[in-house]
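The values are calculated or read from the model by the stated rules, or taken from the named source; none is laboratory data. What you see is a predicted model, and the numbers here were worked out from it, not measured in a lab. Every residue, glycine as well, gets a Cβ built from its backbone with ideal geometry; the counts of neighbours run over all protein chains shown. Ligands, DNA and RNA are stripped out before the accessible areas are found, and what is left, the full protein with its side chains, is counted by its heavy atoms. Shrake-Rupley method; radii C 1.70, N 1.55, O 1.52, S 1.80 Å.
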Amino acid sequence: MKAMIFSDLITMRRSLIQLLVIMAVVSLVIALSVDTLAATAACAATLVPFSFVFNASAYDEVNNWGSFRLAMPMSRRDVVAGRYASLLLVTVLSLGMSLAYTFAITGVAALLAGVMGQGAPLESLLLENNPPEMIVAAGLAGVVAVLVAASVTLPFIMRFDMTLAVRVLPFATLCGVGGFCAAAGNGLFDGLLPAGALEPLFGSGYAGLFVVLVVVPLALYAASLAISLRVCRSREL
Amino acid sequence: MYDLVRVENLAKAYPGFTLDHVSLSVPAGCVTGFIGSNGAGKTTTIKTILGLIRPSAGNVALFGEPVCGFEEGGELSTDQKNVANASSAPQIHEAALVRAKARIGVVFDACPFPSESLVSDVERIGRFAFPTWDRGLFEQYARQFDLGAKKRVKELSRGMGMKLQLAFALAHAPELLILDEVTAGLDPMARDEVLDILRGFMTDERRGILLSSHITSDLEKIADYVVCIDAGRVMFDCTVDVICDVAGVARCGAEQARAIVESGAFAPGSLRVMAGAYAHEVLVPDRALLSRRFPKVACERVSIDDYMRLMLKGEAR
(Lines give C-alpha, C1' and ligand atoms only; values in the text may rest on other atoms or scores of the structure.)
Protein backbone atom coordinates (compact mmCIF):
# COMPACT_ATOMS: atom_id res chain seq x y z
CA MET A 1 0.00 0.00 0.00
CA LYS A 2 2.92 2.30 0.75
CA ALA A 3 4.08 1.95 -2.86
CA MET A 4 0.64 3.00 -4.10
CA ILE A 5 0.53 6.04 -1.80
CA PHE A 6 3.95 7.17 -3.00
CA SER A 7 3.03 6.40 -6.59
CA ASP A 8 -0.03 8.65 -6.26
CA LEU A 9 1.91 11.45 -4.58
CA ILE A 10 4.80 11.30 -7.06
CA THR A 11 2.44 11.18 -10.03
CA MET A 12 0.35 14.05 -8.69
CA ARG A 13 3.20 16.18 -7.37
CA ARG A 14 3.13 18.68 -10.21
CA SER A 15 -0.68 18.88 -10.19
CA LEU A 16 -0.68 19.33 -6.41
CA ILE A 17 1.71 22.28 -6.64
CA GLN A 18 -0.45 23.88 -9.33
CA LEU A 19 -3.57 23.24 -7.25
CA LEU A 20 -2.00 24.83 -4.19
CA VAL A 21 -1.26 28.00 -6.15
CA ILE A 22 -4.81 28.03 -7.53
CA MET A 23 -6.15 27.38 -4.02
CA ALA A 24 -4.18 30.34 -2.63
CA VAL A 25 -5.42 32.72 -5.32
CA VAL A 26 -9.07 31.57 -5.31
CA SER A 27 -9.29 31.56 -1.51
CA LEU A 28 -7.86 35.06 -1.32
CA VAL A 29 -10.31 36.32 -3.94
CA ILE A 30 -13.17 34.74 -1.99
CA ALA A 31 -11.93 36.30 1.25
CA LEU A 32 -11.78 39.73 -0.34
CA SER A 33 -15.14 39.34 -2.05
CA VAL A 34 -17.27 38.12 0.84
CA ASP A 35 -15.40 39.84 3.69
CA THR A 36 -15.30 36.70 5.83
CA LEU A 37 -12.78 33.89 6.23
CA ALA A 38 -15.26 31.03 6.76
CA ALA A 39 -15.69 30.52 3.04
CA THR A 40 -11.94 30.92 2.52
CA ALA A 41 -11.09 28.12 4.94
CA ALA A 42 -13.73 25.82 3.51
CA CYS A 43 -12.71 26.50 -0.08
CA ALA A 44 -9.01 26.15 0.65
CA ALA A 45 -9.55 22.82 2.41
CA THR A 46 -11.79 21.48 -0.33
CA LEU A 47 -10.17 22.47 -3.60
CA VAL A 48 -6.97 20.41 -3.51
CA PRO A 49 -8.29 17.03 -2.30
CA PHE A 50 -11.38 17.27 -4.48
CA SER A 51 -9.26 17.86 -7.57
CA PHE A 52 -6.88 15.14 -6.42
CA VAL A 53 -9.66 12.50 -6.59
CA PHE A 54 -10.47 13.26 -10.19
CA ASN A 55 -6.95 14.02 -11.41
CA ALA A 56 -5.44 10.86 -9.93
CA SER A 57 -8.30 8.76 -11.30
CA ALA A 58 -7.95 10.36 -14.72
CA TYR A 59 -4.20 9.65 -14.75
CA ASP A 60 -4.96 5.96 -14.17
CA GLU A 61 -6.60 5.82 -17.55
CA VAL A 62 -4.00 7.74 -19.52
CA ASN A 63 -1.53 5.39 -21.26
CA ASN A 64 -3.02 2.44 -19.31
CA TRP A 65 -1.11 3.58 -16.25
CA GLY A 66 -3.64 1.83 -13.96
CA SER A 67 -3.01 -1.52 -15.66
CA PHE A 68 0.74 -1.12 -15.69
CA ARG A 69 0.81 -0.16 -12.02
CA LEU A 70 -0.93 -3.43 -11.23
CA ALA A 71 1.86 -5.24 -13.10
CA MET A 72 4.17 -3.98 -10.36
CA PRO A 73 4.25 -5.80 -7.03
CA MET A 74 0.95 -4.46 -5.77
CA SER A 75 -2.32 -6.24 -5.15
CA ARG A 76 -5.69 -4.81 -6.09
CA ARG A 77 -6.27 -4.30 -2.37
CA ASP A 78 -3.03 -2.26 -2.19
CA VAL A 79 -4.15 -0.10 -5.11
CA VAL A 80 -7.63 0.59 -3.76
CA ALA A 81 -6.61 1.08 -0.13
CA GLY A 82 -3.60 3.12 -1.24
CA ARG A 83 -5.80 5.48 -3.25
CA TYR A 84 -8.11 5.99 -0.26
CA ALA A 85 -5.12 6.51 2.02
CA SER A 86 -3.41 8.98 -0.30
CA LEU A 87 -6.62 10.99 -0.63
CA LEU A 88 -7.05 11.02 3.15
CA LEU A 89 -3.45 12.15 3.54
CA VAL A 90 -3.88 14.92 0.97
CA THR A 91 -7.15 15.95 2.67
CA VAL A 92 -5.55 16.20 6.12
CA LEU A 93 -2.55 18.11 4.74
CA SER A 94 -4.86 20.34 2.78
CA LEU A 95 -6.89 21.10 5.93
CA GLY A 96 -3.69 22.01 7.76
CA MET A 97 -2.51 24.23 4.94
CA SER A 98 -5.89 25.88 4.52
CA LEU A 99 -6.02 26.73 8.21
CA ALA A 100 -2.44 28.01 8.17
CA TYR A 101 -3.20 30.08 5.09
CA THR A 102 -6.43 31.46 6.52
CA PHE A 103 -4.76 32.43 9.80
CA ALA A 104 -1.93 33.96 7.80
CA ILE A 105 -4.49 36.19 6.08
CA THR A 106 -5.74 37.30 9.50
CA GLY A 107 -2.12 37.99 10.41
CA VAL A 108 -1.66 40.19 7.34
CA ALA A 109 -4.94 41.94 8.16
CA ALA A 110 -3.71 42.56 11.74
CA LEU A 111 -0.40 43.85 10.43
CA LEU A 112 -2.14 46.30 8.09
CA ALA A 113 -4.48 47.39 10.89
CA GLY A 114 -1.47 47.94 13.18
CA VAL A 115 0.33 50.05 10.62
CA MET A 116 -2.59 51.97 9.13
CA GLY A 117 -5.00 52.06 12.09
CA GLN A 118 -8.78 52.09 11.80
CA GLY A 119 -10.14 51.81 8.27
CA ALA A 120 -7.18 49.81 7.05
CA PRO A 121 -7.80 47.40 4.17
CA LEU A 122 -8.74 43.82 5.13
CA GLU A 123 -10.23 45.01 8.41
CA SER A 124 -13.11 42.60 7.98
CA LEU A 125 -10.60 39.74 7.90
CA LEU A 126 -9.23 40.40 11.38
CA LEU A 127 -9.35 37.53 13.84
CA GLU A 128 -11.82 39.42 16.04
CA ASN A 129 -14.31 39.39 13.17
CA ASN A 130 -13.51 35.76 12.28
CA PRO A 131 -13.37 33.62 15.43
CA PRO A 132 -10.85 30.73 15.21
CA GLU A 133 -13.62 28.19 16.01
CA MET A 134 -15.54 29.39 12.99
CA ILE A 135 -12.47 29.10 10.75
CA VAL A 136 -11.67 25.60 11.99
CA ALA A 137 -15.31 24.48 11.73
CA ALA A 138 -15.50 25.86 8.18
CA GLY A 139 -12.31 24.04 7.20
CA LEU A 140 -13.62 20.84 8.73
CA ALA A 141 -16.92 21.29 6.94
CA GLY A 142 -15.01 21.52 3.67
CA VAL A 143 -13.17 18.31 4.52
CA VAL A 144 -16.48 16.61 5.34
CA ALA A 145 -17.82 17.63 1.95
CA VAL A 146 -14.72 16.14 0.26
CA LEU A 147 -14.88 12.88 2.19
CA VAL A 148 -18.60 12.42 1.58
CA ALA A 149 -18.23 13.21 -2.13
CA ALA A 150 -15.21 10.89 -2.41
CA SER A 151 -17.04 8.15 -0.54
CA VAL A 152 -19.79 8.27 -3.13
CA THR A 153 -17.65 8.71 -6.25
CA LEU A 154 -14.66 6.44 -5.59
CA PRO A 155 -16.53 3.10 -5.72
CA PHE A 156 -17.93 4.12 -9.12
CA ILE A 157 -14.49 5.16 -10.36
CA MET A 158 -12.93 1.95 -9.05
CA ARG A 159 -15.57 -0.13 -10.77
CA PHE A 160 -16.05 1.70 -14.06
CA ASP A 161 -13.00 3.90 -14.59
CA MET A 162 -13.21 7.66 -14.59
CA THR A 163 -14.64 8.02 -18.09
CA LEU A 164 -17.63 5.79 -17.49
CA ALA A 165 -18.03 6.78 -13.84
CA VAL A 166 -18.66 10.44 -14.70
CA ARG A 167 -21.49 9.26 -16.93
CA VAL A 168 -22.98 6.93 -14.33
CA LEU A 169 -22.51 9.17 -11.28
CA PRO A 170 -25.07 11.92 -12.03
CA PHE A 171 -27.72 9.29 -12.67
CA ALA A 172 -26.81 7.37 -9.54
CA THR A 173 -26.77 10.57 -7.45
CA LEU A 174 -30.13 11.60 -8.85
CA CYS A 175 -31.59 8.20 -8.05
CA GLY A 176 -30.05 8.21 -4.57
CA VAL A 177 -31.15 11.71 -3.61
CA GLY A 178 -34.52 11.31 -5.31
CA GLY A 179 -35.09 7.99 -3.61
CA PHE A 180 -34.12 9.38 -0.23
CA CYS A 181 -36.42 12.39 -0.62
CA ALA A 182 -39.30 10.21 -1.78
CA ALA A 183 -38.77 7.83 1.12
CA ALA A 184 -38.56 10.70 3.59
CA GLY A 185 -41.66 12.29 2.08
CA ASN A 186 -43.55 9.04 2.53
CA GLY A 187 -42.53 8.92 6.18
CA LEU A 188 -40.26 5.91 5.76
CA PHE A 189 -37.76 7.33 8.24
CA ASP A 190 -40.36 8.49 10.77
CA GLY A 191 -39.61 7.07 14.16
CA LEU A 192 -36.28 5.64 13.01
CA LEU A 193 -34.56 7.51 15.82
CA PRO A 194 -36.37 7.99 19.11
CA ALA A 195 -37.15 11.63 19.90
CA GLY A 196 -34.19 13.28 21.57
CA ALA A 197 -31.77 10.44 20.69
CA LEU A 198 -29.20 12.89 19.35
CA GLU A 199 -29.56 15.38 22.22
CA PRO A 200 -26.71 13.89 24.31
CA LEU A 201 -24.35 14.42 21.39
CA PHE A 202 -25.11 18.07 20.92
CA GLY A 203 -25.63 18.82 24.56
CA SER A 204 -22.03 18.15 25.56
CA GLY A 205 -19.85 20.87 24.10
CA TYR A 206 -18.06 19.87 20.92
CA ALA A 207 -18.83 16.12 21.11
CA GLY A 208 -21.69 16.37 18.64
CA LEU A 209 -19.68 18.50 16.27
CA PHE A 210 -16.81 16.02 16.52
CA VAL A 211 -19.09 13.11 15.68
CA VAL A 212 -20.66 14.90 12.75
CA LEU A 213 -17.46 16.33 11.31
CA VAL A 214 -15.00 13.52 12.01
CA VAL A 215 -16.50 10.17 12.99
CA VAL A 216 -19.45 10.04 10.59
CA PRO A 217 -17.48 11.02 7.45
CA LEU A 218 -14.65 8.65 8.35
CA ALA A 219 -17.12 5.81 8.94
CA LEU A 220 -18.70 6.58 5.57
CA TYR A 221 -15.23 6.68 3.98
CA ALA A 222 -14.35 3.29 5.50
CA ALA A 223 -17.62 1.82 4.23
CA SER A 224 -16.86 3.24 0.79
CA LEU A 225 -13.40 1.64 0.91
CA ALA A 226 -14.98 -1.73 1.72
CA ILE A 227 -17.32 -1.37 -1.27
CA SER A 228 -14.46 -0.34 -3.57
CA LEU A 229 -12.37 -3.32 -2.48
CA ARG A 230 -15.27 -5.58 -3.30
CA VAL A 231 -16.12 -4.09 -6.69
CA CYS A 232 -12.47 -3.90 -7.75
CA ARG A 233 -11.82 -7.57 -7.02
CA SER A 234 -13.36 -8.81 -10.24
CA ARG A 235 -12.51 -5.81 -12.40
CA GLU A 236 -10.50 -6.41 -15.55
CA LEU A 237 -7.76 -3.98 -16.46
CA MET B 1 13.81 -27.75 -16.53
CA TYR B 2 12.37 -25.20 -14.07
CA ASP B 3 9.60 -23.10 -15.64
CA LEU B 4 9.57 -19.42 -14.77
CA VAL B 5 6.16 -19.17 -16.41
CA ARG B 6 3.80 -22.06 -16.89
CA VAL B 7 0.38 -21.43 -18.42
CA GLU B 8 -2.02 -24.31 -18.83
CA ASN B 9 -5.30 -24.29 -20.73
CA LEU B 10 -5.95 -20.62 -20.21
CA ALA B 11 -9.41 -19.62 -21.39
CA LYS B 12 -11.26 -16.34 -21.49
CA ALA B 13 -14.35 -15.41 -23.46
CA TYR B 14 -15.28 -11.93 -24.62
CA PRO B 15 -18.01 -11.03 -27.09
CA GLY B 16 -16.43 -11.84 -30.45
CA PHE B 17 -13.22 -13.28 -29.06
CA THR B 18 -12.27 -16.38 -27.13
CA LEU B 19 -8.92 -17.27 -25.68
CA ASP B 20 -9.12 -20.99 -26.22
CA HIS B 21 -7.13 -23.10 -23.77
CA VAL B 22 -3.76 -21.50 -24.36
CA SER B 23 -0.73 -23.24 -22.90
CA LEU B 24 2.84 -22.00 -22.94
CA SER B 25 5.91 -21.95 -20.78
CA VAL B 26 9.11 -20.01 -20.28
CA PRO B 27 11.82 -22.35 -18.97
CA ALA B 28 14.70 -20.85 -17.01
CA GLY B 29 17.54 -19.88 -19.30
CA CYS B 30 15.23 -19.55 -22.30
CA VAL B 31 13.53 -16.86 -24.34
CA THR B 32 10.03 -17.74 -25.48
CA GLY B 33 8.79 -15.72 -28.43
CA PHE B 34 5.06 -15.15 -28.52
CA ILE B 35 3.79 -14.32 -31.98
CA GLY B 36 0.47 -13.87 -33.74
CA SER B 37 -1.52 -11.39 -35.74
CA ASN B 38 -3.16 -8.32 -34.21
CA GLY B 39 -6.03 -9.31 -31.94
CA ALA B 40 -4.86 -12.92 -31.77
CA GLY B 41 -4.84 -12.89 -27.94
CA LYS B 42 -1.20 -12.19 -27.08
CA THR B 43 -1.88 -9.20 -24.85
CA THR B 44 -4.87 -10.91 -23.23
CA THR B 45 -2.64 -13.87 -22.39
CA ILE B 46 0.06 -11.59 -20.96
CA LYS B 47 -2.49 -9.63 -18.92
CA THR B 48 -3.90 -12.87 -17.56
CA ILE B 49 -0.43 -14.05 -16.55
CA LEU B 50 0.03 -10.77 -14.67
CA GLY B 51 -3.37 -11.07 -12.97
CA LEU B 52 -4.88 -8.04 -14.70
CA ILE B 53 -7.55 -10.25 -16.22
CA ARG B 54 -9.25 -13.12 -14.47
CA PRO B 55 -9.48 -16.13 -16.79
CA SER B 56 -12.57 -18.29 -17.03
CA ALA B 57 -10.43 -21.44 -16.89
CA GLY B 58 -6.83 -22.52 -16.67
CA ASN B 59 -3.80 -22.32 -14.44
CA VAL B 60 -0.89 -19.93 -14.24
CA ALA B 61 2.23 -20.62 -12.21
CA LEU B 62 5.10 -18.14 -11.87
CA PHE B 63 8.48 -19.31 -10.54
CA GLY B 64 6.84 -22.65 -9.74
CA GLU B 65 4.17 -21.13 -7.53
CA PRO B 66 0.50 -21.13 -8.61
CA VAL B 67 -0.79 -17.58 -8.99
CA CYS B 68 -4.04 -18.36 -10.74
CA GLY B 69 -6.16 -21.49 -10.60
CA PHE B 70 -5.02 -24.47 -8.66
CA GLU B 71 -3.42 -27.73 -9.48
CA GLU B 72 -2.87 -31.09 -7.88
CA GLY B 73 0.11 -31.04 -5.63
CA GLY B 74 0.17 -27.24 -5.77
CA GLU B 75 1.03 -25.08 -2.84
CA LEU B 76 -2.47 -23.93 -2.09
CA SER B 77 -3.92 -24.18 1.36
CA THR B 78 -7.20 -25.98 2.01
CA ASP B 79 -8.89 -22.60 2.40
CA GLN B 80 -7.62 -21.44 -0.97
CA LYS B 81 -8.77 -24.67 -2.61
CA ASN B 82 -12.21 -24.25 -1.06
CA VAL B 83 -12.41 -20.72 -2.44
CA ALA B 84 -11.29 -21.95 -5.85
CA ASN B 85 -13.83 -24.77 -5.81
CA ALA B 86 -16.62 -22.41 -4.82
CA SER B 87 -16.41 -20.59 -8.12
CA SER B 88 -16.23 -21.95 -11.63
CA ALA B 89 -13.54 -19.42 -12.59
CA PRO B 90 -10.04 -19.94 -11.26
CA GLN B 91 -9.02 -17.72 -8.38
CA ILE B 92 -6.13 -15.28 -8.50
CA HIS B 93 -3.86 -15.84 -5.51
CA GLU B 94 -2.95 -12.24 -4.75
CA ALA B 95 -0.17 -12.83 -2.22
CA ALA B 96 1.67 -15.27 -4.48
CA LEU B 97 1.09 -12.99 -7.45
CA VAL B 98 2.52 -9.94 -5.67
CA ARG B 99 5.59 -11.98 -4.63
CA ALA B 100 6.06 -13.12 -8.22
CA LYS B 101 5.57 -9.63 -9.71
CA ALA B 102 8.45 -8.35 -7.58
CA ARG B 103 10.66 -10.69 -9.64
CA ILE B 104 9.27 -9.68 -13.04
CA GLY B 105 10.09 -6.78 -15.31
CA VAL B 106 7.24 -5.81 -17.60
CA VAL B 107 7.17 -3.78 -20.80
CA PHE B 108 3.82 -2.95 -22.41
CA ASP B 109 3.35 -2.02 -26.04
CA ALA B 110 3.04 1.70 -25.22
CA CYS B 111 4.78 3.81 -22.59
CA PRO B 112 2.38 3.63 -19.62
CA PHE B 113 3.80 6.25 -17.29
CA PRO B 114 1.73 9.34 -16.53
CA SER B 115 2.45 11.88 -19.24
CA GLU B 116 3.30 14.73 -16.86
CA SER B 117 5.86 12.66 -14.92
CA LEU B 118 9.58 13.23 -15.26
CA VAL B 119 12.03 10.40 -15.89
CA SER B 120 13.25 10.99 -12.31
CA ASP B 121 9.64 10.56 -11.07
CA VAL B 122 9.47 7.21 -12.83
CA GLU B 123 12.65 6.20 -11.01
CA ARG B 124 11.09 7.24 -7.68
CA ILE B 125 7.97 5.19 -8.37
CA GLY B 126 10.15 2.14 -9.03
CA ARG B 127 12.11 2.78 -5.85
CA PHE B 128 8.97 2.57 -3.74
CA ALA B 129 7.42 -0.31 -5.68
CA PHE B 130 10.25 -2.84 -5.96
CA PRO B 131 12.13 -4.13 -2.91
CA THR B 132 15.21 -4.91 -5.03
CA TRP B 133 15.23 -1.59 -6.93
CA ASP B 134 18.71 -0.44 -7.94
CA ARG B 135 18.76 3.31 -8.50
CA GLY B 136 22.27 3.23 -9.94
CA LEU B 137 21.25 0.59 -12.47
CA PHE B 138 18.26 2.67 -13.57
CA GLU B 139 20.46 5.74 -13.98
CA GLN B 140 22.97 3.68 -15.93
CA TYR B 141 20.28 2.53 -18.37
CA ALA B 142 18.84 6.06 -18.51
CA ARG B 143 22.27 7.41 -19.52
CA GLN B 144 22.73 4.59 -22.03
CA PHE B 145 19.33 5.37 -23.56
CA ASP B 146 19.90 9.13 -23.43
CA LEU B 147 16.96 9.64 -21.07
CA GLY B 148 17.59 12.84 -19.14
CA ALA B 149 16.20 12.88 -15.60
CA LYS B 150 14.28 16.09 -16.31
CA LYS B 151 12.62 14.84 -19.48
CA ARG B 152 8.85 14.52 -19.29
CA VAL B 153 7.19 11.30 -20.39
CA LYS B 154 4.95 13.23 -22.80
CA GLU B 155 8.06 14.63 -24.53
CA LEU B 156 9.42 11.16 -25.31
CA SER B 157 9.01 9.59 -28.72
CA ARG B 158 7.56 6.09 -28.91
CA GLY B 159 11.01 4.60 -29.14
CA MET B 160 12.30 6.61 -26.17
CA GLY B 161 9.18 5.65 -24.21
CA MET B 162 9.97 1.98 -24.85
CA LYS B 163 13.53 2.55 -23.66
CA LEU B 164 12.24 4.18 -20.48
CA GLN B 165 10.03 1.16 -19.89
CA LEU B 166 12.95 -1.15 -20.50
CA ALA B 167 15.14 0.76 -18.03
CA PHE B 168 12.28 0.56 -15.50
CA ALA B 169 11.82 -3.17 -16.14
CA LEU B 170 15.52 -3.97 -15.72
CA ALA B 171 16.39 -1.74 -12.77
CA HIS B 172 15.15 -4.12 -10.09
CA ALA B 173 17.24 -7.00 -11.44
CA PRO B 174 14.26 -9.19 -12.36
CA GLU B 175 14.50 -12.90 -13.03
CA LEU B 176 11.82 -12.80 -15.72
CA LEU B 177 11.01 -10.22 -18.35
CA ILE B 178 7.56 -10.09 -19.92
CA LEU B 179 7.89 -7.87 -22.96
CA ASP B 180 4.98 -6.91 -25.15
CA GLU B 181 6.29 -5.49 -28.44
CA VAL B 182 9.42 -4.10 -26.83
CA THR B 183 11.18 -3.44 -30.13
CA ALA B 184 8.18 -1.88 -31.87
CA GLY B 185 8.81 1.72 -32.82
CA LEU B 186 12.58 1.44 -32.46
CA ASP B 187 14.96 2.12 -35.32
CA PRO B 188 17.15 -0.83 -36.40
CA MET B 189 20.16 0.37 -34.39
CA ALA B 190 18.09 0.88 -31.25
CA ARG B 191 16.51 -2.55 -31.80
CA ASP B 192 19.93 -4.13 -31.96
CA GLU B 193 20.89 -2.23 -28.81
CA VAL B 194 17.81 -3.59 -27.02
CA LEU B 195 18.51 -7.11 -28.24
CA ASP B 196 22.07 -6.81 -26.94
CA ILE B 197 20.71 -5.81 -23.54
CA LEU B 198 18.34 -8.76 -23.58
CA ARG B 199 21.21 -11.08 -24.52
CA GLY B 200 23.18 -9.63 -21.63
CA PHE B 201 20.20 -10.25 -19.36
CA MET B 202 20.11 -13.89 -20.46
CA THR B 203 23.72 -14.56 -19.54
CA ASP B 204 22.35 -15.67 -16.17
CA GLU B 205 20.72 -19.03 -16.85
CA ARG B 206 18.23 -18.62 -14.03
CA ARG B 207 16.52 -15.88 -16.00
CA GLY B 208 13.99 -15.97 -18.81
CA ILE B 209 12.03 -13.79 -21.20
CA LEU B 210 8.52 -13.99 -22.60
CA LEU B 211 8.78 -11.80 -25.69
CA SER B 212 5.68 -10.94 -27.64
CA SER B 213 6.63 -9.40 -30.96
CA HIS B 214 5.48 -8.74 -34.48
CA ILE B 215 9.08 -8.37 -35.57
CA THR B 216 9.87 -12.03 -35.98
CA SER B 217 13.39 -11.35 -37.25
CA ASP B 218 14.17 -10.22 -33.69
CA LEU B 219 12.93 -13.55 -32.40
CA GLU B 220 15.20 -15.42 -34.81
CA LYS B 221 18.10 -13.60 -33.20
CA ILE B 222 17.21 -14.19 -29.60
CA ALA B 223 14.37 -16.69 -28.99
CA ASP B 224 14.72 -20.36 -28.09
CA TYR B 225 11.03 -21.23 -28.39
CA VAL B 226 8.22 -19.77 -30.43
CA VAL B 227 4.55 -19.98 -29.55
CA CYS B 228 2.16 -18.77 -32.23
CA ILE B 229 -1.39 -17.84 -31.40
CA ASP B 230 -4.22 -17.10 -33.80
CA ALA B 231 -7.82 -16.22 -32.96
CA GLY B 232 -7.16 -17.20 -29.37
CA ARG B 233 -5.71 -20.66 -30.14
CA VAL B 234 -2.13 -21.85 -30.09
CA MET B 235 -1.27 -22.79 -33.67
CA PHE B 236 2.22 -24.07 -33.05
CA ASP B 237 4.70 -24.25 -30.21
CA CYS B 238 8.23 -25.33 -31.04
CA THR B 239 11.88 -24.39 -30.81
CA VAL B 240 13.34 -21.80 -33.16
CA ASP B 241 15.77 -24.46 -34.35
CA VAL B 242 12.88 -26.64 -35.53
CA ILE B 243 11.64 -23.73 -37.64
CA CYS B 244 14.87 -22.19 -38.90
CA ASP B 245 17.23 -25.17 -39.02
CA VAL B 246 15.00 -28.17 -39.67
CA ALA B 247 11.88 -27.01 -41.51
CA GLY B 248 11.97 -25.59 -45.01
CA VAL B 249 9.85 -24.10 -47.71
CA ALA B 250 9.77 -25.50 -51.21
CA ARG B 251 8.80 -23.10 -53.96
CA CYS B 252 7.71 -25.19 -56.92
CA GLY B 253 5.05 -25.82 -59.51
CA ALA B 254 1.63 -27.31 -58.84
CA GLU B 255 2.70 -30.76 -60.10
CA GLN B 256 5.74 -30.89 -57.83
CA ALA B 257 3.68 -29.67 -54.88
CA ARG B 258 1.16 -32.43 -55.50
CA ALA B 259 3.98 -34.97 -55.78
CA ILE B 260 5.45 -33.88 -52.43
CA VAL B 261 2.05 -34.13 -50.74
CA GLU B 262 1.29 -37.53 -52.23
CA SER B 263 4.78 -38.96 -51.67
CA GLY B 264 3.95 -40.21 -48.19
CA ALA B 265 7.32 -38.92 -46.97
CA PHE B 266 5.65 -36.60 -44.48
CA ALA B 267 2.97 -37.36 -41.91
CA PRO B 268 -0.55 -36.41 -42.98
CA GLY B 269 -1.36 -32.85 -41.90
CA SER B 270 2.28 -31.90 -41.37
CA LEU B 271 2.60 -30.00 -44.65
CA ARG B 272 1.19 -26.58 -45.47
CA VAL B 273 0.56 -25.70 -49.10
CA MET B 274 -0.16 -22.26 -50.43
CA ALA B 275 -0.82 -21.55 -54.06
CA GLY B 276 0.68 -18.30 -55.31
CA ALA B 277 0.45 -16.42 -58.58
CA TYR B 278 3.73 -17.84 -59.93
CA ALA B 279 4.51 -20.80 -57.71
CA HIS B 280 3.25 -23.03 -54.94
CA GLU B 281 4.85 -22.85 -51.54
CA VAL B 282 5.08 -26.05 -49.55
CA LEU B 283 6.12 -25.84 -45.92
CA VAL B 284 7.81 -29.09 -44.93
CA PRO B 285 8.81 -30.08 -41.39
CA ASP B 286 12.17 -31.50 -42.57
CA ARG B 287 13.93 -29.83 -45.49
CA ALA B 288 16.80 -32.34 -45.49
CA LEU B 289 14.31 -35.16 -46.02
CA LEU B 290 12.64 -33.23 -48.82
CA SER B 291 15.98 -32.63 -50.52
CA ARG B 292 16.77 -36.34 -50.34
CA ARG B 293 13.39 -37.34 -51.75
CA PHE B 294 13.06 -34.51 -54.25
CA PRO B 295 16.58 -33.37 -55.18
CA LYS B 296 15.30 -31.25 -58.06
CA VAL B 297 12.94 -29.21 -55.87
CA ALA B 298 14.55 -26.12 -54.37
CA CYS B 299 13.92 -26.07 -50.65
CA GLU B 300 15.04 -23.08 -48.64
CA ARG B 301 15.46 -22.26 -45.00
CA VAL B 302 12.21 -20.80 -43.68
CA SER B 303 11.96 -17.63 -41.64
CA ILE B 304 9.64 -17.44 -38.64
CA ASP B 305 7.58 -14.92 -40.62
CA ASP B 306 7.06 -17.36 -43.52
CA TYR B 307 6.57 -20.27 -41.16
CA MET B 308 3.82 -18.38 -39.35
CA ARG B 309 2.22 -17.21 -42.60
CA LEU B 310 2.17 -20.70 -44.07
CA MET B 311 1.02 -22.33 -40.83
CA LEU B 312 -1.85 -19.86 -40.49
CA LYS B 313 -2.88 -19.43 -44.11
CA GLY B 314 -1.60 -22.53 -45.86
CA GLU B 315 -3.74 -25.57 -46.53
CA ALA B 316 -2.90 -28.44 -44.19
CA ARG B 317 -2.03 -31.55 -46.21
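Any residue that is under 20 Å from B:Val31 (Cα atoms), assigned to a helix (DSSP H, G or I), at pLDDT below 95 and open to solvent by less than 10 Å² (accessible area, probe 1.4 Å) - is there at least one of those in segment B:92-111? There is no residue in segment B:92-111 that is under 20 Å from B:Val31 (Cα atoms), assigned to a helix (DSSP H, G or I), at pLDDT below 95 and open to solvent by less than 10 Å² (accessible area, probe 1.4 Å).
Scanning segment A:6-63 for residues that are over 29 Å from A:Arg76 (Cα atoms), without any contact (Cβ under 8 Å) to a residue 60 or more places away in the chain and not aliphatic (A, V, I, L, M) yields A:Gln18, A:Ser33.
Residues in segment B:34-51 that are closer than 23 Å to B:Arg99 by Cβ and touching a residue at least 24 places away in the same chain (Cβ under 8 Å) were compared, and the one that is farthest from the other protein chains (Cβ to nearest Cβ) is B:Thr45. Selection within segment A:210-234: residues that are open to solvent by 60 Å² or more (accessible area, probe 1.4 Å), in a helix (DSSP H, G or I) and under 17 Å from A:Leu70 (Cα atoms). The member of this set that is modelled with the lowest pLDDT is A:Arg233. Looking only at residues of segment B:112-121 that are open to solvent by 10 Å² or more (accessible area, probe 1.4 Å) and within 8 Å of chain A (Cβ to nearest Cβ), we find that the one that is farthest from B:Pro174 (Cα to Cα) is B:Glu116. Does A:Leu127 satisfy being open to solvent by 60 Å² or more (accessible area, probe 1.4 Å) and touching a Gly at 6+ places or on another chain (Cβ under 9 Å)? Yes. What number of residues within segment B:96-111 satisfy the criterion of being in contact with a helix residue (DSSP H, G or I) (Cβ under 8 Å, 6 or more places away or on another chain) and facing chain A (nearest Cβ under 7 Å)? Count: 5. Six or more apart or on different chains, Cβ under 6 Å: which pairs go from a residue in segment B:57-69 that's assigned to a loop (DSSP other than H, G, I, E, B) to one that's open to solvent by 20 Å² or more (accessible area, probe 1.4 Å) and modelled with pLDDT of 90 or more? Could you list them? Final answer for the pair search is B:Gly69/B:Asn59.
B:Arg124 meets all of the listed conditions (1) open to solvent by 40 Å² or more (accessible area, probe 1.4 Å); (2) in contact (Cβ under 8 Å) with a residue 12 or more places away in the chain but one, namely (2).
In this structure, B:Ala257 qualifies as crowded, with 20+ Cβ neighbours inside 10 Å, modelled with pLDDT under 95 and aliphatic (A, V, I, L, M).
Here is the figure for segment A:175-208: residues that are at pLDDT below 70 and aliphatic (A, V, I, L, M) total 7.
Of all the criteria given as (1) open to solvent by 50 Å² or more (accessible area, probe 1.4 Å); (2) farther than 13 Å from A:Thr40 by Cα; (3) under 22 Å from the mean Cα position of the chain (by Cα); (4) touching a residue at least 40 places away in the same chain (Cβ under 8 Å), the one not satisfied by A:Glu133 is (4).
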